[in-house]
Each structure stands twice: as structure tokens, then as C-alpha cells.
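Chemist: Take this structure first; my questions come after.
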Amino acid sequence: VDTTSSFIVKGFFIFSSRIKEALTKKEDEKAFDYERASRIYQVKIMSLNYSWTLDDSTGLAILIMDVTEERNLSKTKSDFFSNASHELKSPLTSILGYQEMIDAGIFTTEEDKKDAVKKTIKEAKRMKAILADMCTINKLENEKQEDIQKIDLKDSITLSLESLDPAIKKMGLTVNADLKEYPVVSNQSDMDKLFQNLLSNAVKYNRKKGSIIIKMDPLKKFISIKDTGIGIKEENLPRSFNAIFASRIIDSIFERFYRVDNSRGENSIEGTGLGLAIVKHICKLYDFKVEVKSVFGEGTEFIIRTK
Ligand code: ADP
């Protein structure tokens, strides 16, 4: 609770009408949420009877609690549920559509049938990827992190680059990686996921024959992943680095299921919209900072600052 006197004095006048209103209600309804300076407060009002005083005077006790995190968490959870249902529904609808058309014998040529099956597989893979990312977020949120040990981030980056090799070759990308030993105390699988997501974005959103530059500085404690891709418009970036971790919900690439327009639609680049939400979550868990700099049309740089 903000206990500065100005808050209390100003607050008293602002609250007074709501307090009067609340006092006319039943005992269990004498509470309301109040928003001020980007925080949400729950105001609880209790009537007090000082029956021990001579004049039997009455009074009020007002309890003000900062419930910003609680309220935002429940909003995030319900948004996540409705977005997830929506995101899973669209591939499922196309799968059903194609299967019904195959069943009805609408595709006459072998080629058309094969094409429909291919599209069905693509949509099923999309559902699988969304579910896998949802499970990762759920694990990060609910499970105690185990297997925390000294590991080398160089291994996570090498592993990610190896798994992305076919995609890197397909795009004709040049990878300029200044790989160094970079010890941290954390969970191996979380670190693998962190770099897998950042590097797969650097590949996916790159241009043909573009490049990826990886810098590791264990002394200054940062890792930078820079690409020469499509870039991100200012409006889709968090307003400040701190905003990435702000409790208020903001529309940025770090939000769950948030995908920039060019990542949606017919010729879109495949993705779940959960990768950077996973990155944000992992960084928060290990007290890392994540920064993003981007020039639309030129490229993007993600910097991870470790402890
Ligand atoms: P997705 O599965 O869509 O890649 P992410 O959460 O990883 O989901 O990223 C969210 C959005 O941020 C992407 O849809 C894309 O528009 C944008 N984005 C992420 N990384 C990059 C990048 N390196 N270059 C350009 N755009 C990016």
C-alpha cells in the first residue's frame, strides 16, 4: 500500500463518495476495487462500534490492500484460456473440414487428396506445437524448478543451432557465432528452451541469405542474438525493458499468443505466439533481463543479461 500522506489525503476525498455508497450496502459488500497510478487496490470498509467509550461513538476502519498482481494474474489466466481455445479451434476446424471433404469424395484426383492430407498434417502439427508450448508455460508457472546446477550456456546455444541447421540451410543463412564458455547456475532444459525460442525466431523472421550474429560476453554477463530479418515495428515492442516484466498487461510481442500481423494469415511464418512468452517467463524465473532492439525491415537484436 502506498502510505505517502498525499495518497491518504487525496485518497480520502476520492474514496469518500464510494465509501458512503458502500456503507449503505450489506456487510459483505462493503469492499471495492480502486485503480490509481497503474495499481489496483482493494478497499475494505468495516464499521466499528466503540461501545466502551462514554458516548458510544462509532467509527470506520478502512483497509487498503494492493491487489494488482492478484487481479492481473487472474486476468492473464482467463485471457490465456480463451486465447488458447481460440488458437486450438482454428486448426481443428480446418482438419475437420478437410477430413469431411475427403470423406464426401469431393477430391477426385489423387493429387488433390494428397494436398488435403498434407494440409491436415500441417494443422495437426500446429495444434501439437501450441499444446507443447502451453505445457511448457504451465510447467514454468506451477512446478518448482528442479535440477538447478552449474551449466554452460554455450552448450544450449550449440544444441539449438544444431537442431535449427536444416532451417538455417534452407534459408541460406550465415551464422556468425562467437561461442564462449558461459557458466550459469540454472536448469539445463529451461536454458535450452530459452535459446531455442530466440534462435528459431532469428531464423524464421530472417530474410533469405541473411545472417545471425551471436555474441557471448561472460564478463559483462550478456548474450546477444542479432538477425538481419524483417524487424519489429516500434508499436509492437515493449515501451521499456522494465515493461517486459511489468504487472500491467501490455500488448507486445512478449505477451502470450501475441503475433505481429505479418505472422498471421495465409502466407504466414509458422509459430504459436508463445515463444517469447516462454522466454520472458524463463528470464523472470532466473532473474535475467531481456532487451530487444529492432529496426523494422532491417533486423532485430535480443540481449539476455544474466546475473
Ligand atoms: P511465434 O511463434 O509467432 O514466433 P513468439 O512469441 O516467438 O511467437 O514471437 C511473437 C511475435 O514476435 C512473432 O509472431 C513475430 O511477429 C515477432 N518476432 C519475434 N522474434 C522476432 C524476430 N527475431 N524478428 C522479427 N519478428 C520477431
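The values are calculated or read from the model by the stated rules, or taken from the named source; none is laboratory data. Since the model is a prediction, treat every value here as computed from it, not as a measurement. Cβ atoms come from the backbone with ideal geometry, glycine included; neighbour counts cover every protein chain shown. Each accessible area value is taken on the protein alone, full model and side chains, heavy atoms only, with ligands, DNA and RNA left out. Shrake-Rupley method; radii C 1.70, N 1.55, O 1.52, S 1.80 Å.
Chemist: For region 67-223, what is the accessible area per residue in Å², given a 1.4 Å probe and the full set of protein chains? Mind dumping the intermediate values first?
Modeler: Details: 9850 Å² over 157 residues.
Counting only protein heavy atoms, the per-residue value for region 67-223 is 63 Å².
Chemist: What is the extension gain from GLU69 to GLN188, computed as 0.36 nm multiplied by their sequence separation minus the C-alpha to C-alpha distance, in nm to one decimal? All intermediate terms of the calculation are to be shown ahead of the outcome.
Modeler: Values: separation 119, 0.36 × 119 = 42.84 nm, distance 2.88 nm.
Extra length from GLU69 to GLN188 when fully extended: 40.0 nm.
Chemist: If you don't mind, another one. Simple spin-label model, 7 Å along Cα-to-Cβ: ILE62 to ALA167 in nm?
Modeler: 5.4 nm
Chemist: Quick one: pull the percent of accessible area on region 116-201 belonging to carbon and sulfur, 1.4 Å probe, ligands and nucleic acids left out. Walk me through the intermediate numbers first.
Modeler: Values: 2670 of 5040 Å².
Carbon-and-sulfur percentage of accessible area, whole number: 53.
Chemist: Please arrange ARG256, ARG18 by accessible surface area, largest first, computed with a 1.4 Å probe and ligands excluded. Before the final figure, lay out each step's value.
Modeler: On the way: ARG256 50, ARG18 85 Å².
Output order, biggest surface exposure first: ARG18, ARG256.
Chemist: Got a sec? What order do ARG126, ARG305 fall in by accessible area at 1.4 Å, biggest, i.e. largest, first?
Modeler: On the way: ARG126 65, ARG305 85 Å².
Reading off the accessible areas and sorting them downward yields ARG305, ARG126.
Chemist: Let me ask something additional. If the reach is capped at under 16 angstrom between alpha carbons, list the lysines near LYS128, excluding any in the same chain fewer than eight residues apart.
Modeler: Hits, sequence-local ones excluded: LYS89, LYS118, LYS119.
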